[in-house]
Amino acid sequence: MPSTSTETARALLQELDPGATHRDVDASLRAAGWTPCGTGDWAWALRSPDGSVVARISPFDPAAPYAAMFYRQASDTGQVPALFGHRVLDGGGDLTLMEPLGPVPEPEASTFLHAVAAGAPEVAELAGHVRQVHARGAAEQPRWGPLDSNPANVMRGADGRLVLTDPYYADGPNLYRTVLEDPDRVVRAFPAARRRFMTELPLAGSGGWPDGDAERMRQAIAAADARLSAADGR
């Protein structure tokens, strides 16, 4: 029998319009009683009314589909979050539906990360999945970052087990610097349909861009798109 959490996620994805953006998903869930439970640089999270599901919503996150892939592949280890559903949203956003998790003291989290990095026996299978999916991301995505060593990515499930979350990321500082310095390179690397909202990241951890940078980036991307269209004769 499917769990209540799985049923909640399945119903949400079935009801989601194929053209839904991150804005649509956020508005719909909040209207249905989902409440904020965390915000980072790339995404924010909403918790379902019954507390059984967390929705991670991002306007633009090239690494998020790889995290979902990792959760699926490593699910048998019990050392990744339970994944209830995933959808790449219109415009390049991302919706990941997963179990609620709690924080872990930094020393305990660091010990777990060091064990994964070393391929210790108790996490050897997990470490293999981490490396396999990371290699795929590196082969498929521009501006791919190294494995994330942030202890905050080790969290605890309601049953007490430690899990590894979000081990992959795009090299944001390099990517967004390139948007301003060489936007043509960015528009060639990322199809327009996958970067429509790339300047709408919450940036709660890093404090946001300097005043005016987001608008300058939008203008630079628009100009680069126009140049690309002209060069292609469109």
What accessible surface, in Å², does a 1.4 Å probe find on Thr111, ignoring ligands, DNA and RNA and rounding to the nearest 10? 90 Å²
Compute the Cα gyration tensor for the range 40-90, then decide on rounded, prolate or oblate, letting a ≥ b ≥ c be the square roots of its eigenvalues: rounded whenever a/c is under 1.5, prolate when a/b is larger than b/c in the other cases, and oblate in all that remain. oblate
From the phi of every residue in the range 200-217, what ³J(HN,Hα) in whole Hz does the Karplus formula 6.51 cos²θ - 1.76 cosθ + 1.60 yield, where θ is phi - 60° and glycine or proline is x? 10, 5, x, 6, 5, x, 8, x, x, 7, x, 3, x, 5, 4, 5, 4, 5
Could you report the range 175-231's accessible area per residue, 1.4 Å probe, as an integer in Å²? 56 Å²
Return the calculated 222 nm mean residue ellipticity for the chain, to the nearest 500 deg cm²/dmol, obtained by summing -39500 (n - 2.57) across DSSP H runs with n ≥ 4 and dividing by the residue count. -13000 deg cm²/dmol
Please compute the per residue accessible area over the range 9-140 with all protein chains in place, 1.4 Å probe, rounded to a whole number of Å². 44 Å²
Coil-residue GluC sites (Glu not before Pro) of the range 132-211, DSSP, other Cβ within 10 Å capped at 11: none
State the Cα centre-to-centre distance between the range 168-187 and the range 1-65 in whole Å. 27 Å
Amide H neighbours of Cys37 under 5 Å, counting only residues 5+ apart in sequence or on other chains, H built in-plane at 1.01 Å? Ala45, Leu46, Arg47
With a/c under 1.5 counting as rounded, go ahead and sort the range 38-186 into rounded, prolate or oblate using the C-alpha gyration tensor (a ≥ b ≥ c being the square roots of the eigenvalues; past the cut-off, prolate if a/b is larger than b/c, else oblate). oblate
Rounded to a whole number, what % of the accessible area of the chain do carbon and sulfur atoms account for, probe 1.4 Å? 52 percent
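The values are calculated or read from the model by the stated rules, or taken from the named source; none is laboratory data. Being a predicted model, the structure only gives us computed values, none of them experimental. Note: ideal-geometry Cβ built from the backbone for every residue, glycine included; neighbour counts use all protein chains shown. Just so you know, the surface numbers come from the protein's heavy atoms only, side chains and all, with ligands and any DNA or RNA stripped out. Shrake-Rupley method; radii C 1.70, N 1.55, O 1.52, S 1.80 Å.
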